[in-house]
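Engineer: If you scroll down you'll find the structure; I have some questions about it.
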Amino acid sequence: MNPFADTSFLCSNYFSDVHSAKSDVFLRQHNAPVAVSTLVVFEFRQSLRLQEFQNDRDHTIGKNSIEVASMFNELQTDLRSGGFEIVAPDWPTVHQLAENLGAKHTPSTGNRFADILHVATALHLGAAQFLTFDTNQRALAEAEGLVVPL
């Protein structure tokens with residue numbers, strides 16, 4: 001299966017941050033679609049909505065409505081063109097796998113809910129690579145045998 005990306009990878013692809021260059025290089029060198037789940041897409045879109053909410057209240061933070069609309073459109077374009085591909089996991093299976101991962105790792109590593117779900121989704125889908133810039137999520141993915149190339 002194609003690499004599976006988490007929300008931090010999407011954010012670095014559309015927001016300008018310290019990881020954006022790595023995200024850009026990976027996408028330019030990788031000639032197949034990068035898999036994302038509906039959960040990743042929802043989490044990314046929700047982060048954009050929160051950015052706009054924050055910017056409406058304090059213009060020194062977040063993203064304005066024009067920037068947010070542009071990022072929504074860029075994501076839609078990339079989904080239509082095949083840069084990213086939404087994959088449909090069997091959610092009950094993912095949830096059970098996530099429960100097992102949480103029980104196994106969280107007592108010693110403190111993993112968050114969404115991080116566990118993203119890693120469980122990648123494992124369920126048979127992804128060989130997991131794209132993340134989140135340190136805790138990276139450690140969980142690697143502990144479960146996924147390659148985190150970034």
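The values are calculated or read from the model by the stated rules, or taken from the named source; none is laboratory data. The shown structure was predicted, so the numbers you read here are calculated from the model rather than taken from an experiment. Note: ideal-geometry Cβ built from the backbone for every residue, glycine included; neighbour counts use all protein chains shown.
Engineer: Give region 110-150 a look and list any residue that's buried (at least 19 other Cβ atoms within 10 Å of the Cβ), assigned to a helix (DSSP H, G or I) and touching a residue at least 24 places away in the same chain (Cβ under 8 Å), or say none.
Structural biologist: Once the filter is applied, which keeps residues that are buried (at least 19 other Cβ atoms within 10 Å of the Cβ), assigned to a helix (DSSP H, G or I) and touching a residue at least 24 places away in the same chain (Cβ under 8 Å), region 110-150 yields Asp115, Ile116, Leu117, His118, Val119, Ala120, Thr121, Ala122, Leu123, His124, Gln137, Leu140.
Engineer: Identify, from the list Leu39, Leu50, the residue that is surrounded by 11 or more Cβ atoms within 10 Å (Cβ to Cβ), within 30 Å of Gly126 (Cβ to Cβ) and touching a residue at least 12 places away in the same chain (Cβ under 8 Å).
Structural biologist: Result of the check over Leu39, Leu50: Leu39.
Engineer: Of the numbered conditions (1) at pLDDT 95 or above; (2) closer than 20 Å to Phe133 by Cα; (3) of a type in the set (A, V, I, L, M), Val94 fails exactly one; give the number of that condition.
Structural biologist: Exception for Val94: condition (2).
Engineer: I would also like to ask the following. Looking at Phe15, Phe53, Phe84, Phe44, which one is within 25 Å of Phe113 (Cβ to Cβ) and more than 18 Å from the chain's Cα centre (by Cα)?
Structural biologist: Answer to the check: Phe53.
Engineer: Could you check region 7-57 for helices (runs of 4 or more DSSP H) lying wholly inside it with 1 or more residues that are polar (S, T, N, Q) and closer than 14 Å to Leu79 by Cβ?
Structural biologist: 7-14, 38-57
Engineer: Please specify each residue of region 18-36 satisfying the condition of being closer than 21 Å to Val119 by Cβ and among the charged types (D, E, K, R).
Structural biologist: Lys22 - this is the single residue of region 18-36 that is closer than 21 Å to Val119 by Cβ and among the charged types (D, E, K, R).
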